[in-house]
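In what follows, a single structure is set out as structure tokens and then discussed.
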Amino acid sequence: MEKYPVGEDHVVITPSDVATAEGTAMQIYRTWSMARLNQVVALRRGQGSEVMQAISVGIVIALLVNRSDTEDRAVAKSDHWTVDGEQVDSAIFSGAEAFAAAVSRSRSSRAAGEQRLKGGYALSEARRRLADRLMVTPDSKNNGELLYIPSPQRQYVIAFLGRDLARRPRLTESALASAFDLLVSAYRGAAGQLAHRGMIFERSTDTRSLKEDLLREFTEARHSFE
């Protein structure tokens, strides 16, 4: 921008310079905004530059295993520092952590404070990808929140997870099947912490169907990438 000095402490900028500067600034902001919008759209299509965190995938699968697809079968979120919150978090994260360790082939280094549904990164990451396909609604009875995947969105979510997992080049179908089984085993081992709260809704036949659907989506997506 050209400046016209007037004395030692002042400059004069012409209206045309101001208009040019405004146009340049608007173009920069527009470019930034479009880049951010495109990034969000790509994430929600499962086409982002990075795959979904394995622990976040595990949480979503754990909710599907629990058949939390309506408000009546939702998992209740509470503050992690409460007894209820800590036990519910532990029950869900036990399966998710087992899945993540198997898929990523590494042991978790997450602090205990991160292993929570309310305010935790793993759930936030899942919601960032799935948006309103992963519902969080107020729980007026317990002054908390309800977490579930609406039943009409169930198949979409399974397909999304299958495609996202297929983007991991080192993950095989057999390794995914094993990781799923580890999640279910850990989930069932911790299910007692949810049972006495009336939050256990798993059915073995539905779990088998879920596994088959996930593996099919994974395999089809992997073939489409070849």
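Throughout, read-outs are computed from the coordinates displayed, never taken from laboratory work. None of the values given here were measured: they were computed from a predicted structure. Positions of Cβ are generated from backbone atoms using ideal geometry, with glycine treated the same way; all protein chains shown enter the neighbour counts.
Descriptive notes on the structure:
- Spin-label model, Asp139/Thr24: points 7 Å from Cα along the beta carbon direction are separated by 5.4 nm.
- Once the Cα-Cα distance is subtracted from the 0.36 nm per residue extended length, the Thr70 to Ile13 segment shows a gain of 14.3 nm.
- Maximal additional length on extending the Arg154-Thr219 stretch stands at 21.6 nm, based on 0.36 nm per residue less the C-alpha distance.
- The alpha carbon gyration tensor of segment 147-226 gives principal lengths a ≥ b ≥ c with a/c of 1.5 or higher and a/b greater than b/c, which makes the shape prolate.
- Cα-based shape type of segment 126-190, given that a ≥ b ≥ c are square roots of the gyration tensor eigenvalues and the cut on a/c is 1.5: oblate
- In this simple spin-label model, placing a label point 7 Å from the Cα along the Cα-to-Cβ direction at both Ser209 and Ala191 gives a separation of 1.7 nm.
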